[in-house]
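Below: one structure, written as structure tokens.
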Amino acid sequence: MAQGIAPESRVVYVENDPIVLAHAQALLDSTPQGRTSFLQADLRDPESVIDSRDVRDTLDLSRPTALSVIAVVHFLDDGDDPYGIVRRLVESRCPAAVS
């Protein structure tokens, strides 16, 4: 959807279910101007997302970057520290944004 509006958009889809990831890879394409990649990772391990080659090769985190955690955070237990996970993902995008 993002590339439909801004073809130069770069997007990394993160999914922990290998079947969903396989369907996404088969169905979703990137525009020639942008870039789309897919990463199998678990949100409860934010470093696996932040440190992944897919993220490093696709996104320039020194530039404005959106983080969408849609329909996933409510599946985390309090013991997973959902606030800490989201904070860590936001900090990786812009350390000055989190105080």
Residues located in the range 52-97, provided they are surrounded by 13 or more Cβ atoms within 10 Å (Cβ to Cβ) and polar (S, T, N, Q): Ser52, Thr58, Thr65, Ser92
Leu43 vs. criteria among the aliphatic types (A, V, I, L, M) and surrounded by fewer than 16 Cβ atoms within 10 Å (Cβ to Cβ): no
Members of the range 1-21 that are closer than 18 Å to Ser52 by Cβ and either part of a helix (DSSP H, G or I) or among the β-branched types (Val, Ile, Thr) (or both): Val11, Val12, Val14, Pro18, Val20, Leu21
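FYI, it's all coordinate maths here, none of it is from the lab. It should be emphasised that the depicted structure is a prediction, and the values quoted were computed from it without experimental measurement. Every residue, glycine as well, gets a Cβ built from its backbone with ideal geometry; the counts of neighbours run over all protein chains shown.
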